[in-house]
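The values are calculated or read from the model by the stated rules, or taken from the named source; none is laboratory data. For clarity, every value in this text was computed on a predicted model and none was experimentally measured. As a convention, Cβ positions derive from the backbone with ideal geometry for all residues, glycine included, and neighbour counts pool all protein chains shown. Heads up: the accessible areas ignore ligands, DNA and RNA and are worked out on the full protein's heavy atoms, side chains in. Shrake-Rupley method; radii C 1.70, N 1.55, O 1.52, S 1.80 Å.
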Amino acid sequence: MHHFQCTACGKCCHGLLPLLLDEALEHAGRLPLAMLWTVVPPGSRSAGLVARLGASVTIGRKKALPVEITAVAWLPETTPCPELTPDGLCGIHSAKPQRCRTMPFYAGREEADQAPFLLPRPGWQCDISRTAPAVYDGGVVLDRADFDTERQRLEQQADTIRAYATRLVSQSAPLVRDLEVLGKRPGGGRLALAFTGILPRLGGDTAAFARQQVPVLRAMAALTAETPEHRRFHTYYASTLRALEPFVPA
């Protein structure tokens, strides 16, 4: 039996945040967006689910790599969500992403493999004492409404994700090489690609998207410009800005 209760410490509201595709478009004026490709070791317990919700990429000698592909708010690990209020609460509670609602569980992994998500990271103040509510028992999520909703919504967008991935892999040999390198690492690895790559499959208008996203990216580029530990994030913001700024009137 596992116990858990949120204490509203706000510590989990830092760093990258997985988003559903429709949520990414909804929050394009608030959050710096990317498409995150995460290579999962083929032997892991959730590899089959990851491939079904994301993609299975064939590399090398017909080796299949399960790849989780999700829209994300691409934020450095120590950077708070732009909508986190000074008192540690969510500033868009009524419209907050499904990922935030399902925490600490994650429907992108098998239900029987949720126990690791119930262990607070260093500095998090989650209550996992026996006085906290029981939330997980025998590999089953007890209060499961948000978990089931997240799984359903991930399944609904899976075809779009797969079509996007198939096309990108077929057109980009460098991407396949990068995935192959990540696939050789014991724990896998991840790549952040521009969100605009999936925008046509969502019926999105690039100019409208750019008008929302450019101010967010400018703010994040400025925030990370002088911090060497955030260089890869700054590089992403700057390169994405260069691609989107031509769509925004001066």
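Helix-derived [θ] at 222 nm for the chain: sum -39500 (n - 2.57) over DSSP H runs of at least 4, divide by residue count, nearest 500? Counting only the DSSP helices, I get -11000 deg cm²/dmol.
Residues whose amide H lies under 5 Å from that of Gly189, counting only those 5 or more places away or on a different chain, are Val39; hydrogens are built 1.01 Å from N in the peptide plane.
In terms of solvent-accessible area of protein heavy atoms at a 1.4 angstrom probe, what is the ranking of Lys96, Lys11, highest value first?
Details: Lys96 45, Lys11 90 Å².
Sorted descending by solvent-accessible area, the residues read Lys11, Lys96.
Counting pairs of alpha carbon atoms under 8 Å apart in space and at least six apart in sequence, what relative contact order in percent does the stretch 88-184 give?
26
Element breakdown for the stretch 167-250 at a 1.4 angstrom probe: carbon and sulfur atoms account for 55% of the accessible area. Relative contact order, whole percent, for the stretch 26-108 stands at 30, derived from Cα pairs under 8 Å and 6 or more residues apart.
Tell me whether the stretch 1-76 comes out rounded, prolate or oblate; compute the Cα gyration tensor, take square roots of the eigenvalues as a ≥ b ≥ c, and use a/c under 1.5 as the rounded threshold. Cα axes put the stretch 1-76 in the oblate bin. Candidate cross-link partners of Lys96 among the lysines, defined by an alpha-carbon separation under 21 Å and a same-chain spacing of 8 or more, comprise Lys11. Residues whose amide H lies under 5 Å from that of Val135, counting only those 5 or more places away or on a different chain, are His2, His3, Phe4; hydrogens are built 1.01 Å from N in the peptide plane. Each part reduced to its alpha carbon centroid, the stretch 13-48 and the stretch 141-178 end up 9 Å apart. Among Leu65, Leu199, Leu31, whose mean-square fluctuation peaks in a Gaussian network model of the chain (Cα, cutoff 10 Å)? With Cα springs under 10 Å in the chain, the top fluctuation among Leu65, Leu199, Leu31 is at Leu199.
Classify the chain as rounded, prolate or oblate from the Cα gyration tensor: take a ≥ b ≥ c as the square roots of its eigenvalues, call it rounded if a/c is under 1.5, otherwise prolate when a/b beats b/c and oblate if not. It comes out oblate by the Cα gyration axes.
Take the Cα of Arg101, step 7 Å toward its Cβ, do the same at Arg130, and the gap between the two points is 3.4 nm.
Of the peptides 130-137, 207-214, how do they stack up when ordered by the mean number of other Cβ atoms within 10 Å, highest first?
207-214, 130-137
Here the Karplus relation 6.51 cos²θ - 1.76 cosθ + 1.60, evaluated at θ = phi - 60°, turns the backbone of the stretch 71-78 into coupling constants of 5, 9, 7, 8, 10, x, 4, 8 Hz, with x for every Gly and Pro.
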